[in-house]
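**Student:** Structure in structure tokens, see below.
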Amino acid sequence: TIIDAPGHRDFIKNMITGTSQADCAVLIVAAGTGEFEAGISKNGQTREHALLAFTLGVKQLIVGVNKMDSTEPPYSETRFEEIKKEVSSYIKKIGYNPAAVAFVPISGWHGDNMLEVSAKMPWFKGWIVERKEGKVEGKCLIEALDAILPP
């Protein structure tokens, strides 16, 4: 079952309800200039949702770095790595192991790295998740979803 818990602040109760039933959370982070910074700021939604997911017992996490088409320049490896580093640092502080989290650069609007590998990000060699059950790797979001461990 997939539960789409809205990210907007007005729907935080719905987000909590959905998250409390989840085995895995997919944290969607906007890569656009200013958007990521707002989300990761002290009271930002990215921080709030990651903390809520962990607090509510969601042990598995996937991070989709979205809107890669709107980075400067478009599909910027530097921007993806900067976001990955900052999100990794934060999720580690709250209790997640960043090595067990798939970080996937995507563009939902264009479908890049959603269901199949995008030619627009040749620099992305894929994600690797390391956990006690073993190492899993993939290149797009659907593969990260397929790698979720059942409860």
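The values are calculated or read from the model by the stated rules, or taken from the named source; none is laboratory data. Note that the structure is a prediction, hence the values are computed from the model and not measured. Note: ideal-geometry Cβ built from the backbone for every residue, glycine included; neighbour counts use all protein chains shown.
**Student:** Quick one: which of P122, P150 is in a loop (DSSP other than H, G, I, E, B) and touching a residue at least 60 places away in the same chain (Cβ under 8 Å)?
**Tutor:** P150
**Student:** OK, next. Based on this model, can you work out whether K125 counts as of a type outside the set (S, T, Y), in contact with a Gly (Cβ under 8 Å, 6 or more places away or on another chain) and modelled with pLDDT of 95 or more?
**Tutor:** Working: of a type outside the set (S, T, Y): yes; in contact with a Gly (Cβ under 8 Å, 6 or more places away or on another chain): no; modelled with pLDDT of 95 or more: yes.
The answer is no for K125.
**Student:** How many residues are touching a Lys or Arg at 6+ places or on another chain (Cβ under 6 Å) and assigned to a strand (DSSP E or B) if we restrict to segment 60-115?
**Tutor:** Here the count works out to 2.
**Student:** Give T71, T19 a once-over and let me know the one that is buried (at least 16 other Cβ atoms within 10 Å of the Cβ) and at pLDDT 95 or above. Spell out the reasoning first.
**Tutor:** Details: T19 fails: at pLDDT 95 or above.
Answer to the selection: T71.
**Student:** Let me ask something additional. Is it the case that segment 101-121 has a residue that's closer than 14 Å to A31 by Cβ, of a type in the set (A, V, I, L, M) and under 16 Å from the mean Cα position of the chain (by Cα)?
**Tutor:** yes
**Student:** Next question, about the same structure. Looking at segment 27-41, can you tell me whether even one residue there is within 13 Å of the chain's Cα centre (by Cα), over 22 Å from L145 (Cα atoms) and either at pLDDT 95 or above or among the β-branched types (V, I, T) (or both)?
**Tutor:** yes
**Student:** Taking the criterion of being outside any loop (DSSP other than H, G, I, E, B), closer than 28 Å to P151 by Cβ, at pLDDT 95 or above and in contact with a Cys (Cβ under 9 Å, 6 or more places away or on another chain), would at least one residue in segment 47-59 satisfy it?
**Tutor:** No - not one qualifying residue is present in segment 47-59.
**Student:** Still on this model: Specify the residue that is nearest to A50 (Cα to Cα); the eligible residues are those in segment 102-117 that are in contact (Cβ under 8 Å) with a residue 12 or more places away in the chain, in contact with a Ser or Thr (Cβ under 9 Å, 6 or more places away or on another chain) and surrounded by fewer than 22 Cβ atoms within 10 Å (Cβ to Cβ).
**Tutor:** We begin by selecting, within segment 102-117, every residue in contact (Cβ under 8 Å) with a residue 12 or more places away in the chain; these are 102-110, 112-117.
Next, from what is left, pick out any that are in contact with a Ser or Thr (Cβ under 9 Å, 6 or more places away or on another chain): 103, 105-107, 109-110, 112-114.
From what's left, surrounded by fewer than 22 Cβ atoms within 10 Å (Cβ to Cβ): 109-110, 114.
Numbers: W109: 23, H110: 25, M114: 21 Å.
Across segment 102-117, the extreme among qualifying residues is M114.
**Student:** One residue is enough: does segment 52-59 have a residue meeting the conditions at positive phi and touching a residue at least 12 places away in the same chain (Cβ under 8 Å)?
**Tutor:** yes
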